[in-house]
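Asks: Sharing a structure, written as structure tokens. Questions coming.
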Amino acid sequence: MTYGCDVSAYQPASPAWGPNRFAWVKATEGVGWVSPVWRAQIASGRSAGLGVGYYHFCDGRNTPQAEAQFYWNTIKDVWQVGEPIALDVEGAFFNYVADPVGWTLACAQELYALSGLKAVFYSDWSHVKGKWNWQPLVDFDMGLWGAAYNSVGFGDPSPWPAIFCWQNADTNETGGDSNQLNGDLSTWRAYGTPANIQPASGGTVTPIGDDDVSYENWTPAGKIQHFCDIWGLPGGSGGDQPGLPGAPLIQDRETGQGAWPETHLGSVRQRLDASLGGKVDGVAAQIKALPAVNGTSLTQGDIDAIAAAVLAAIKAQANK
């Protein structure tokens with residue numbers, strides 16, 4: 001377990017972080033409230049070396065899509081890769097919403113369409129274990145951030161196979177709440193990665209260093225394989241990490257197998273599809289029609305020429 005906290009507008013702009021390793025920061029509520037200190041708290045946490053994440057307090061008197069859009073539009077210019085997002089579902093929400101599971105899922109789906117991120121679900125033990133069947137959230141790979149104030153543990157998290165984060169006390173060095181992360185900061189960062197490669201069970205993830213993902217460190221063959229993998233072309237590595245023998249792998253969300261995330265066809269295409277509004281297939285079709293791709297092999301010169309065509313194709317598709 002890794003010790004951390006959650007803070008809100010009740011805490012100062014630069015809390016005394018103390019031994020905390022990560023921090024959830026309340027950013028928004030409903031469709032109109034924005035914390036006056038969330039930006040400063042995120043910046044302060046980053047400067048202190050903490051893993052930071054964002055949470056939205058769900059009101060429930062609005063459509064789930066409207067709340068998701070308000071939340072993401074507020075934080076998107078500050079958010080960085082590796083910073084998870086969460087939906088806080090508690091209190092009066094359950095009085096306003098007839099179908100809490102359906103509302104929360106729809107909100108998470110809208111967030112995913114906007115950001116490529118699977119939100120973490122927050123609620124207290126009584127609601128997680130209450131009359132509602134939260135299995136659709138588990139099926140959507142939403143991790144569980146559960147509240148249970150004791151020194152023993154959250155208890156049975158089912159239908160989740162394991163808890164992602166446990167809010168265990170309403171006291172903390174920051175003045176906020178104390179939390180225990182089921183893993184280390186690589187687990188935290190995985191939940192903040194587009195396409196959410198990390199499974200909801202909180203499986204082990206091997207962190208990838210900046211040097212490993214630097215394109216300049218790849219071999220020429222690795223660069224070609226990388227390009228082919230992204231676009232599903234002949235000459236790819238079939239999802240295996242290219243050009244960097246011994247580099248760390250990451251567990252793929254769908255297959256459970258070790259794969260190099262930036263060359264895994266499904267996750268990369270998923271991210272591109274989200275950013276281009278579902279137009280990736282059109283881009284891929286144009287690329288496959290290029291003469292260099294139809295040849296028996298690709299050279300680095302071919303890659304350079306195709307890369308320019310890719311940019312043009314993406315721009316053309318995005319503007320349609």
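Readers should treat all values here as calculations from the given coordinates under stated rules, not as data from a laboratory. Predicted model only: the values in this text are computed from it and were never measured. Glycine also receives a Cβ, built like all others from the backbone with ideal geometry; neighbour counts cover every protein chain displayed.
Asks: Please report the relative contact order for the stretch 1-140, taking Cα pairs under 8 Å with a sequence separation of at least 6, and give it as a percent rounded to a whole number. Before the final figure, lay out each step's value.
Replies: Details: 230 pairs, mean separation 28.1, N = 140.
Over the stretch 1-140, the number comes to 20 percent.
Asks: What order, most packed first, do the peptides 16-22, 179-185 have when packing is the mean number of other Cβ atoms within 10 Å of each residue?
Replies: 179-185, 16-22
Asks: Using square roots of five times the C-alpha gyration tensor eigenvalues, list the equivalent-ellipsoid semi-axes of the stretch 81-178 in whole Å, biggest first.
Replies: Equivalent ellipsoid semi-axes, largest first: 21, 17, 13 Å.
Asks: Also: Apply the Karplus parameterisation 6.51 cos²θ - 1.76 cosθ + 1.60, with θ equal to phi minus 60°, to every residue of the stretch 3-17 and state each ³J(HN,Hα) to the nearest whole Hz, in sequence, with x for glycine and proline.
Replies: Rounded to whole hertz, the list is 7, x, 8, 10, 10, 9, 5, 6, 9, x, 5, 10, x, 7, 6.
Asks: Taking H placed 1.01 Å from N in the peptide plane, check which residues at least 5 places from residue 59 or on another chain put their amide H under 5 Å from its amide H.
Replies: Hits under the 5 Å cutoff: 30.
Asks: Using 0.36 nm times the number of residues separating residue 65 and residue 109, minus their current alpha carbon distance, what extension gain do you get?
Replies: 15.0 nm
Asks: Quick one: grab the alpha carbon gyration tensor of the stretch 1-159, order the square roots of its eigenvalues as a ≥ b ≥ c, and give me rounded if a/c is under 1.5, else prolate or oblate depending on whether a/b is larger than b/c.
Replies: Cα axes put the stretch 1-159 in the oblate bin.
Asks: Right, another one. Using modelled amide H (1.01 Å from N, peptide plane; none on Pro or chain starts), what sits under 5 Å from the amide H of residue 54, excluding residues fewer than 5 places away?
Replies: Those lying under 5 Å, H to H, from residue 54 are 25, 85, 86.
Asks: Could you give the dipole magnitude of the stretch 98-169 about its Cα centre, charging the beta-carbon of Lys and Arg +1 and that of Asp and Glu -1, in debye to the nearest 20?
Replies: 120 debye
Asks: Moving to a separate point now. Relative contact order for the stretch 70-183 using alpha-carbon pairs under 8 Å, separation at least 6, rounded to a whole percent?
Replies: It comes to 19 percent, rounded to a whole number.
Asks: If you don't mind, there's one more thing I want to ask. HN-Hα J couplings of the stretch 110-119 from phi, Karplus 6.51/-1.76/1.60, θ = phi - 60°, integer Hz, Gly and Pro as x?
Replies: Along the stretch 110-119, the couplings run 5, 4, 5, 5, 7, 10, x, 10, 8, 5 Hz.
Asks: Using θ = phi - 60° and the Karplus relation 6.51 cos²θ - 1.76 cosθ + 1.60, list the HN-Hα couplings for the stretch 97-109 in order, rounded to whole Hz, with x at every Gly or Pro.
Replies: The phi angles translate into 10, 6, 10, x, 5, x, 4, 5, 4, 5, 5, 5, 5 Hz.
Asks: Something else: Whose amide H sits under 5 Å from the amide H of residue 169, counting only residues 5 or more places off or on another chain, with H placed in the peptide plane?
Replies: Amide H neighbours of residue 169, under 5 Å, 5+ apart: 178.
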